[in-house]
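*Asks:* I'd like to ask you about the structure that follows.
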Amino acid sequence: MPLSETAPNANLVHAAVPPAQMKDAALDRAVLEKIDKAYDSPPWWYDLRGFGILTFSYRSTLMRQVRFFGRNIQGRHLESAIGSGTLFGMILRWRRWKGLPKAQIVGFDYADAMLAGARKRFTGEVRKGEVQLLRADAGKLDFPDASFDSANIANAVHCFPDVDAALRELFRVLKPGGQAAMNVLLYPRGIAPLRAIAARINAWGMRKGILETPYAQADIEARVRAAGFEIVSNEVSGNALMLVARKPAR
Ligand SMILES: C[S@@+](CC[C@H](N)C(=O)[O-])C[C@H]1O[C@@H](n2cnc3c(N)ncnc32)[C@H](O)[C@@H]1O
């Protein structure tokens, strides 16, 4: 049964006027409880904490992510696990600064606390119908097949409890020829002290429930291929794999 029919505070859809096909995915109660516990921080604390995680666990920078994800947006774009929208807000500003064309954005996340931040940040864009936000599980999307030209999964593949289901769904909802950009947290690499710091942060993240697991590069690439994608580029940067995958054109 869809959560929106059962939960007491199920104000789940944040789109201005969601089209019929964008009704909530059915999120089951056990998953929801786990999420609410893991992502119970206010958006500002999430952002501050995220900055530390980005620096010491991913060993990446915001600007690198902004450029990587900012280039992979076109037409009707799906921003998976958009979180509080801080990174995506920077991406949109970067695109405006670069003079890149506007896209029709659909963003989703399953943590209500995170979406609260995105809802606040994109109030104007939602009102203008440029951005739609909704609560959904990456593993059970309610969009029709082939409905997006591009998709990003920023900092979230390694947070998905069922990564294979999420990749299959991503493949399904992309149009043939559509590209997905994702960064995937790898097991810590590099010199001993940095590796140890990253390992401790990861262990804390897994205890807290905000990190499912880091991956080995070969493992995640095999899963991406198994979902049907072809890999366009795969660069390792710090402890993250920056991967661009394409749904083969028919
Ligand atoms: C580390 S945050 C990244 C958020 C944002 N993309 C960013 O880069 O700032 C991971 C996000 O993944 C979301 N998430 C985890 N599993 C999910 C799932 N199965 N479906 C939808 N969102 C999920 C969490 O709620 C969280 O907001």
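*Asks:* Please list 55-61, 143-149, 108-114 highest first by mean number of surrounding beta-carbon atoms within 10 Å per residue. Walk me through the numbers before you get to the answer.
*Replies:* Values: 55-61: 18.7, 143-149: 16.1, 108-114: 23.4.
Going by the mean number of other Cβ atoms within 10 Å, highest first, we get 108-114, 55-61, 143-149.
*Asks:* If you don't mind, there's one more thing I want to ask. Could you derive backbone 3J(HN,Hα) for the stretch 166-177 from the dihedral phi with the Karplus parameters 6.51, -1.76 and 1.60 (θ = phi - 60°), listing whole Hz in sequence and x where the residue is Gly or Pro?
*Replies:* Once rounded to whole Hz, the list reads 5, 5, 5, 5, 4, 4, 4, 7, 7, 6, x, x.
*Asks:* Amide H neighbours of L133 under 5 Å, counting only residues 5+ apart in sequence or on other chains, H built in-plane at 1.01 Å?
*Replies:* Placed amide hydrogens put H14, A15, A16, G107 under 5 Å from L133.
*Asks:* Grab the eigenvalues of the alpha-carbon gyration tensor for the chain, scale each by 5, take roots, and send me the semi-axes largest first in whole angstrom.
*Replies:* Listed largest to smallest, the semi-axes of the chain are 25, 22, 19 Å.
*Asks:* So if R0 is 41 Å, what FRET efficiency would K102 and I197 give, r being the distance between their Cβ atoms, rounded to the nearest 0.05? Provide the component values of the computation, followed by the final result.
*Replies:* Numbers: r = 40 Å, r/R0 = 0.97.
Once rounded, the FRET efficiency stands at 0.55.
*Asks:* Same structure, new question: Considering only lysines 8 or more places apart in sequence, or on different chains, count the pairs in the chain whose C-alpha atoms sit under 13 Å apart. Walk me through the numbers on the way to the answer.
*Replies:* Values: K23/K140; K34/K208; K37/K208; K102/K128; K175/K247.
Taking the Cα cut-off of 13 Å, the pair count is 5.
*Asks:* A follow-up question, please. Using alpha-carbon positions, what is the distance between the centroids of the stretch 28-98 and the stretch 141-174, in Å?
*Replies:* If we compute the Cα centre of each part, the gap is 15 Å.
*Asks:* Can you tell me the dipole magnitude for the chain around its Cα centre, using point charges on the Cβ only (Lys, Arg +1; Asp, Glu -1), in Debye to the nearest 20? Spell out each step's value before the answer.
*Replies:* Working: 35 positive and 24 negative charges, 192 e Å.
The calculation lands at about 920 debye.
*Asks:* Which whole-Hz couplings ³J(HN,Hα) result when phi for each residue of the stretch 76-86 is put into the Karplus expression 6.51 cos²θ - 1.76 cosθ + 1.60, θ = phi - 60°, listed in order with x for Gly and Pro?
*Replies:* Whole-Hz 3J(HN,Hα) from phi for the stretch 76-86: 9, 10, 9, 9, 7, 6, 5, x, 7, x, 5.
*Asks:* If you don't mind, there's one more thing I want to ask. Which ³J(HN,Hα) values in Hz, rounded to whole numbers, follow from the phi angles of the stretch 202-212 under the Karplus curve 6.51 cos²θ - 1.76 cosθ + 1.60, where θ = phi - 60° and Gly and Pro get x?
*Replies:* Here the 3J(HN,Hα) series is 4, 4, 4, x, 6, 5, 6, x, 9, 10, 7 Hz.
Any read-out appearing in this document is the output of simple, stated calculations on the displayed coordinates, not a laboratory observation. Keep in mind it's a predicted model, so treat the numbers as computed, not measured. Cβ coordinates were reconstructed from backbone atoms using ideal geometry, including for glycine residues, and neighbour counts include every protein chain displayed.
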